[in-house]
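K.L.:
Here it is: the structure, laid out below.
Each value in this text was obtained by applying a stated rule to the coordinates, not by laboratory testing. None of these values were measured; they are calculated from a predicted model. So basically every Cβ, Gly included, is an ideal-geometry build from the backbone, and we count neighbours across all protein chains shown.
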Amino acid sequence: MEITDVRVRKVAKDGKMKAVVSITIDNEFVVHDIKIIEGDKGYFIAMPSRKAGDGEYRDIAHPINSDTRDRIQKIILEKYEIALAEEEAEAEEEVLEI
């Protein structure tokens, strides 16, 4: 399995949810609505979920084992860090232009 594309959509800066991500696997399968959450120990991902009848949230799609989850999380968080760095660079350019 190879993650062939990661698309990061940042959300409002307030709150713990920092971005929503879509990944493409092997150029054939897309998973939307993976969330990047800021926790006490740093960033982590939350897979897409739905509220069940009992009020609990259950993942709609998720990795079967922790190695796969770790690999997906690492790739997503790397892309998120790149997106943050690009945003900061753009903000600095705007300041310099003024």
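K.L.:
For D14, D5, what's the fewest-to-most ordering of other Cβ within 10 Å of each Cβ?
P.N.:
D14, D5
K.L.:
Through the Karplus equation 6.51 cos²θ - 1.76 cosθ + 1.60, θ set to phi - 60°, convert the phi angles of the range 37-48 into ³J(HN,Hα) values in whole Hz; use x for Gly and Pro.
P.N.:
The phi angles translate into 10, 8, x, 5, 9, x, 7, 8, 9, 10, 6, x Hz.
K.L.:
Given +1 on the Cβ of Lys and Arg, -1 on the Cβ of Asp and Glu, and no further charges, what dipole in debye does the chain carry about its Cα centre, rounded to the nearest 20?
P.N.:
The dipole of the chain has a size of about 660 debye.
K.L.:
For the chain, with a Gaussian network of springs between Cα atoms less than 10 Å apart, report the residue from S66, S22, S49 with the top mean-square fluctuation.
P.N.:
S66
K.L.:
For the range 1-76, I need the span (max minus min coordinate) of the C-alpha atoms along each principal axis, in Å, sorted largest to smallest.
P.N.:
Principal extents (Cα only, largest first): 32, 31, 21 Å.
K.L.:
What is the range 3-97's relative contact order, in percent, from Cα pairs under 8 angstrom and six or more apart in sequence?
P.N.:
18 percent
K.L.:
Among I75, A12, Y57, whose Cα sits farthest toward the positive end of the charge dipole of the chain (+1 at Cβ of Lys/Arg, -1 at Cβ of Asp/Glu, about the Cα centre)?
P.N.:
Farthest towards the positive pole: Y57.
K.L.:
Report, in deg cm²/dmol and to the nearest 500, the calculated mean residue ellipticity at 222 nm for the chain, where each DSSP H run with n ≥ 4 adds -39500 (n - 2.57) and the sum is divided by the residue count.
P.N.:
Mean residue ellipticity, 222 nm, calculated: -12000 deg cm²/dmol.
K.L.:
To continue, here is another question. Give me, ordered by chain and number, the residues 5 or more places off A19 or on other chains with an amide H under 5 Å from its own placed amide H.
P.N.:
Correct list: V11, I36.
K.L.:
Calculate the spin-label point distance for F44 paired with E81, positioning each point 7 Å from the Cα along the beta-carbon direction, and give it in nanometres.
P.N.:
The answer from the label model is 1.9 nm.
K.L.:
Here's another thing I want to ask about it. For the chain, find the longest principal axis of its Cα atoms and tell me its angle to the long axis of helix 66-97, 0 to 90°, nearest 10.
P.N.:
Orientation of helix 66-97: about 20 degrees from the principal axis.
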